[in-house]
Amino acid sequence: INDFSYLHTNCFELSIYVGCDKYPHESELPEEWENNRESLIVFMEQVHRGIKGIVKDVHGKGIPNAVISVEGVNHDVRTGK
């Protein structure tokens, strides 16, 4: 579903598995957190990379459904309402 959401709704979803056990026991969670804390935090900080902003017309109003294309990236993005 993650690929479908990205391609058809511009919603970027991720599923991250930090071990081989998809459903670790509750008692194992603190150790899993400590083993992966730094890398997960660094990963979350990446949200601040890239291009972001609001597409506006000359009057400062948002433009719904505008197409944003980036050269070299084979995936256009559309603005929301």
Please say if the range 8-53 is rounded, prolate or oblate, where rounded means a/c under 1.5 for a ≥ b ≥ c the square roots of the C-alpha gyration tensor eigenvalues, and otherwise the choice is prolate for a/b larger than b/c and oblate otherwise? oblate
Just the accessible area per residue of the chain, please: how many Å² with a 1.4 Å probe? 94 Å²
Find which of HIS25, ASN10, ALA66 sits farthest along the positive direction of the dipole of the range 2-79, computed with +1 on the beta-carbon of Lys and Arg, -1 on that of Asp and Glu, about the Cα centre. ALA66
Loop only by DSSP, 14 or fewer other Cβ within 10 Å of the Cβ. Give me the trypsin sites (Lys or Arg not before Pro) in the range 1-63 that pass, ordered by residue number. LYS22, ARG49, LYS52, LYS61
Show me the chymotrypsin sites (Phe, Trp or Tyr not before Pro) within the range 3-39 that DSSP assigns to loop and that have at most 11 other Cβ atoms within 10 Å of their Cβ. PHE12, TYR17
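As a test of reading the structure, rank ASP3, ASP76 by solvent-accessible area (1.4 Å probe, protein chains only), most first.
Details: ASP3 120, ASP76 80 Å².
Descending accessible area places them as ASP3, ASP76.
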Quick check: residue separation of ARG49 and ALA66 times 0.36 nm, minus the Cα distance between them. What number comes out in nm? 4.0 nm
Rounded to a whole number, what % of the accessible area of the chain do carbon and sulfur atoms account for, probe 1.4 Å? 56 percent
Radius of gyration and Dmax over the Cα atoms of the chain, both given in Å: 18.2, 56
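The values are calculated or read from the model by the stated rules, or taken from the named source; none is laboratory data. Computed from a predicted model, the values in this text were never measured in an experiment. Ideal geometry is used to build each Cβ from the backbone, glycine not excepted, and the neighbour counts take in all protein chains shown. Accessible surface areas use protein heavy atoms only, side chains included; no ligands, DNA or RNA. Shrake-Rupley method; radii C 1.70, N 1.55, O 1.52, S 1.80 Å.
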